[in-house]
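K.L.:
This structure is in structure tokens; I'll ask about it shortly.
The values are calculated or read from the model by the stated rules, or taken from the named source; none is laboratory data. Everything numeric in this text was worked out from a predicted model, so none of it was measured. When we count neighbours, we look across all protein chains shown, and the Cβ atoms used for this are built from the backbone with ideal geometry, even at glycine. For accessibility, only protein heavy atoms count, side chains too; no ligands or nucleic acids. Shrake-Rupley method; radii C 1.70, N 1.55, O 1.52, S 1.80 Å.
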Amino acid sequence: THRSHTSHGALDLRSVSACLGAMASRVDFSPKEEQVLHAIFNALFDDLGEEGAQALLAAQAGREPGSEEEIVAFARRPASAFSEAMDIASTRLAGFDSQEQDMFRTLLKALASRVGCLALTGKRGPLYRYETAVVQDILTSWLTSPLQQMREMGKGFKLFASIFVLEGDREKNPNLRAMGYKTPDLAVLREAVSKLNVVDFNTCRVQLQMLQQPAVGLHPPTTEVLCDCVVVGSGPGGAVMAAELTEAGFRVALLERGRWSSPQEQRCSESESTSRLYQEAGSFLTTDHNISILAASCFGGGASLNWSCCLPPPEQVREEWARDYGLDWAAGPAMSEAVECVRQRLSMHTDGVELNAANQVLMRGCQRLGYTAEVAAQQGWQPRKPDDDGGLCSLGWKQGHRQGMHGSALADAVQTGRLLLLDGCSAEEVLRDASGSACGVRATMQDGTGSRTVVVRGRAAVVAGGAMQTPLLLRRSGLKNPHIGRHLHLHPAMNIWGRFDEPVRFFEGAPMTTVSRVVEDQDGRGYGAKIWVPNLHPAMWATWNPWHGPREFKHALASFAHAAPLISLVRDQGEGKVWENSNRRVKVSYSMQQVDKLHLQNALEHSARILVAAGAREVHSAHNSVKPLRLAAVAEDGSDAAVQAELEAWLAQLRAKGMQTLDVMLGSAHQMGTCRMAASPKLGAAKPTGETWEVPGLFVADTSTFPTASGVNPMWTCAAIAHHTAQHVKQRLGASPELSEPAPPRRQRLARGCMSAACVREPTHTGKHGPRGAPLPAEASTSVSEYSSSSSESSSCRH
């Protein structure tokens, strides 16, 4: 039984549904399945009634004048007001693998039946026969159940609802206006960028229409591209590798699954960006659904989406790697030199770093408590308004000077004229010659015109696809080292936020400019947690907040502009593993160790004290089983004895609940360790040089090489390892003067006579004067011809 709310209007989300529809096909729900979903979604996001609306309005202290109508309408608007809710839900579900789809639909069928509903809720079904208040009680029982399977059910439905109620932009979705969220003005952003010297990667881009058509008879159609070194992945590892090798005179073919897009093509929409730039469209979960994983799947890798904070590899970490894994270079001058070289290349600095209001909260609270806090270095220079306010980084908008890999290391590689970019290209297998050495990569290249198998041949291969994808490629290529795919570290993170009377607007300005190290070393070995300010947009904000009933949930959303969130990130000792199922979908299993939970709990308590000391009126944790803290009165510095008593009593509740699986919202934006580097194949998958133990000429240069979790944002450490590994790749290339033939593949012999050997002519040099004089005309960069690889060190291409 559902109430009618037509007076508050149905939200038109057809544009969002169309965007998601391009990403995946639909799952068609039956009428009964839809009824179950409507009942649950309306319970999660219910009409609060007039009394509830006025209560929500009263709780929104400090709101801008004139926003009262929006708040009241938001309070009265149920999930059923979203006309496209089922379309969005069906499209999202289509993005899951078939097993997860079957499990979800089995659950819906059970809730639509008498017996199944009785087993899951204690009430005879179907579920949709009950009043909304009854369904809300059922959801609360699931989310706080002692049974993990019940908590998993509750979390899954809550995540679905969080996505569709906040999809779209400010003009189409009034919920965003009620949150005080302003979507970017694309015209202003694009106009500002048009005045900047943005690198055009079309000058080095290899596209399908540029390649010669293969001869008839080869299945699948295959084309060759020749170079000195093949690099898979364009994140910090691959980008630094490409820059180092091209500057040394070698021609590099860079393979990247994501596609490069110019600033004029970017939309900066949360729904569009997550579906296009993140693995699994931003809905990647561990197999137990306990941790949400944000992993990039785009040009530039994680550096295109991260929050720009840069911390170097800590001394304790470097010493541990040398002591326990035989990486002597990591504790010595070689690592120090690499750290400094990439600091310069990637423009990591603290010059003129400005703290937004949320970072000022973190700094102010730490200072009042005597906790350590410092300004964190940033990668590149944030543009000044109106072109950007810094808060769009997680949506892929990084157009400031030297920002991202596209503005720094990859730009350096383009400048040499020796980079070939194959974007939209998925690496399938590393190829070996008769001696067993790496001699290329077989990949599938796609664009709007179709797809083709491409064999990219080189005298060495570097895999830098990240800790989630690199081990899968190595396994597909026949490598058997037992450490491949294991020892996954995630830096599990937890959000806590305080509500302030004054607007904070944490989503504006550079997000992660301050770091507190107050609990970073809790055992004397460098294991603990750091405290930062995150960058979250509305849908992500909703997914990271627990559900304590519709009134509390709507209050959390409406408080978006007044919230100061802090994120605690633990240097984890627990490990997981990554593999791919029969459908080639990435799977991650991971279980937190108790010591990591205790370290994270301690960081959470310190974060709460920081917020109260800075003047927060409310504190909200990520626990489903602990309601928010509302302080009766707050001294300006949070030092009032009564306030402290309230705070400590609330923290005692958190401590008592602990961190039960699926009771807290946990996330991960850092993945490390699945092909770790070590002095012996018994300890790791790669040598201290970065070369794999099993295949000569095959190197790994990304976060998968980390022997342990780094405890800091991995970009700087990853880039330093890539710089170190690049020196050994150069030695390999110098000692291997010729390209070698790939050995027959394991499944099907390559029909060599039917293969088209094509090389892309040297790209346009983007500088004023190239090393060989004036730059080539623009049209020359898109020609295709056979050639011998350039530079005296390079091999000759034999066809």
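K.L.:
How far, in degrees from 0 to 90, does helix 594-613 lean away from the longest principal axis of the Cα atoms of the chain, to the nearest 10?
P.N.:
Helix 594-613 sits roughly 60 degrees off the main axis of the chain.
K.L.:
Please label the shape of region 219-346 as rounded, prolate or oblate, based on the square roots a ≥ b ≥ c of the eigenvalues of the alpha-carbon gyration tensor (a/c under 1.5 means rounded; beyond that, a/b larger than b/c means prolate, else oblate).
P.N.:
Oblate, since a/c reaches 1.5 and b/c is not below a/b.
K.L.:
May I pose another question? Counting Lys and Arg as +1 and Asp and Glu as -1, each charge on the Cβ, what is the dipole of region 529-610 about the Cα centre in debye, to the nearest 20?
P.N.:
For region 529-610, the charge dipole is close to 180 debye.
K.L.:
Using label points projected 7 Å from each Cα along Cα→Cβ, tell me how many nm separate A641 and D200, to one decimal.
P.N.:
7.2 nm
K.L.:
Placing +1 on the Cβ of each Lys and Arg and -1 on the Cβ of each Asp and Glu in the chain, which of C718, P688, C268 has its Cα farthest towards the positive end of the resulting dipole?
P.N.:
P688
K.L.:
So if I place +1 on the C-beta of Lys and Arg and -1 on the C-beta of Asp and Glu, and nothing else carries charge, what would the dipole magnitude of region 552-703 be about its Cα centre? I want it in debye, nearest 20.
P.N.:
That gives region 552-703 a dipole magnitude of about 540 debye.
K.L.:
Would you kindly calculate the translational diffusion coefficient of region 424-473, applying Stokes-Einstein with the Kirkwood radius from alpha carbon pairs, for 20 °C and a viscosity of 1.002 mPa s, and quote it in µm² s⁻¹ without decimals?
P.N.:
Value of D from the Cα-based Kirkwood radius: 183 µm²/s.
K.L.:
Still on this structure, I have one more. Expressed in nm to one decimal, what extension gain is obtained for the pair E738 and S589 from 0.36 nm per residue of sequence separation less their Cα-Cα distance?
P.N.:
Using 0.36 nm per residue and subtracting the Cα-Cα distance, I get 49.4 nm.
K.L.:
Per 0.36 nm of contour for each residue apart, how much would the distance between L683 and K577 grow if the chain were fully extended, relative to their Cα-Cα spacing?
P.N.:
Taking 0.36 nm per residue and subtracting the Cα distance, the gain is 36.6 nm.
K.L.:
Only bridges whose two residues both fall in the chain count here: according to DSSP, what percent of them are antiparallel, nearest 5?
P.N.:
65 percent
K.L.:
Could you give the accessible area per residue of region 233-380, probe 1.4 Å, as a whole number in Å²?
P.N.:
Computed with neighbouring chains in place, this is 33 Å² per residue.
K.L.:
Moving on to the next point. Within the accessible area of the chain, what % is carbon and sulfur when the probe is 1.4 Å and the other protein chains stay in place?
P.N.:
Within the chain, the accessible surface is 51 percent carbon and sulfur.
K.L.:
Counting only pairs 8 or more places apart or on different chains, how many lysine pairs in region 542-695 have C-alpha atoms closer than 16 Å?
P.N.:
Close lysine pairs under the 16 Å cut-off: 4.
K.L.:
Multiply the residue gap between S30 and D97 by 0.36 nm, knock off their C-alpha separation, and tell me the result in nm, one decimal place.
P.N.:
Once the chain is fully extended between S30 and D97, it gains 22.2 nm.
K.L.:
Residues with amide H under 5 Å of V27's amide H, sequence separation 5 or more or different chain, H placed in the peptide plane at 1.01 Å from N; which?
P.N.:
Under 5 Å from the amide H of V27: T91, A94.
K.L.:
Turning to a different aspect of this structure: Where q = 0.16, 0.19 Å⁻¹, what log10 of I(q)/I(0) comes from the Debye formula for region 72-210, counting one point per Cα?
P.N.:
Normalising to I(0) and taking log10 leaves -1.00, -1.23.
K.L.:
Taking H as built 1.01 Å from N, whose amide H comes closer than 5 Å to the amide H of F299, not counting residues under 5 places away?
P.N.:
Distant-sequence amide H within range of F299: G258, R259.
K.L.:
Just check the chain against the gyration tensor rule for me: Cα atoms, a ≥ b ≥ c as the square roots of the eigenvalues, rounded for a/c under 1.5, and otherwise prolate or oblate depending on whether a/b exceeds b/c.
P.N.:
Note, shape of the chain comes out prolate.
K.L.:
Putting +1 on Lys and Arg Cβ atoms and -1 on Asp and Glu Cβ atoms, find which of N173, A413, G466 reaches farthest to the positive end of the dipole of the chain.
P.N.:
G466
K.L.:
Let's see if you can work this out: charge +1 on each Lys and Arg Cβ, -1 on each Asp and Glu Cβ, no other charges. What is the dipole magnitude of the chain about its Cα centre, in debye to the nearest 20?
P.N.:
Charge dipole of the chain: 1840 debye, to the nearest 20.
K.L.:
Follow-up. Write down Rg/Rh for region 225-272, rounded to two decimals, with Rg from the C-alpha atoms and Rh from the Kirkwood relation over Cα pairs.
P.N.:
1.11
K.L.:
Another question, then. Could you list log10 I(q)/I(0) for region 671-742 at q = 0.16, 0.28 Å⁻¹, which the Debye formula gives when each Cα is one point scatterer?
P.N.:
After summing over all Cα pairs, the log10 values are -0.56, -1.25.
K.L.:
How big is region 311-390 in terms of Cα radius of gyration and Dmax, in angstroms?
P.N.:
16.9, 50
K.L.:
Given the whole protein assembly as supplied and a 1.4 Å probe, what does the accessible area of E552 come to in Å², nearest 10?
P.N.:
The value for E552 is about 40 Å².
K.L.:
Rounded to the nearest 10 Å², what accessible area does W307 have for a 1.4 Å probe in the complete protein model?
P.N.:
Roll a 1.4 Å probe over it and W307 shows about 50 Å².
K.L.:
Hey, another quick one. How far is helix 14-23 tilted off the main Cα axis of the chain, in degrees rounded to 10, range 0 to 90?
P.N.:
Compared with the principal axis, the helix lies near 40 degrees.
K.L.:
Shifting gears a bit: Accessible area per residue of region 443-524 at 1.4 Å probe, in Å²?
P.N.:
With the other protein chains kept in place, region 443-524 gives 26 Å² per residue.
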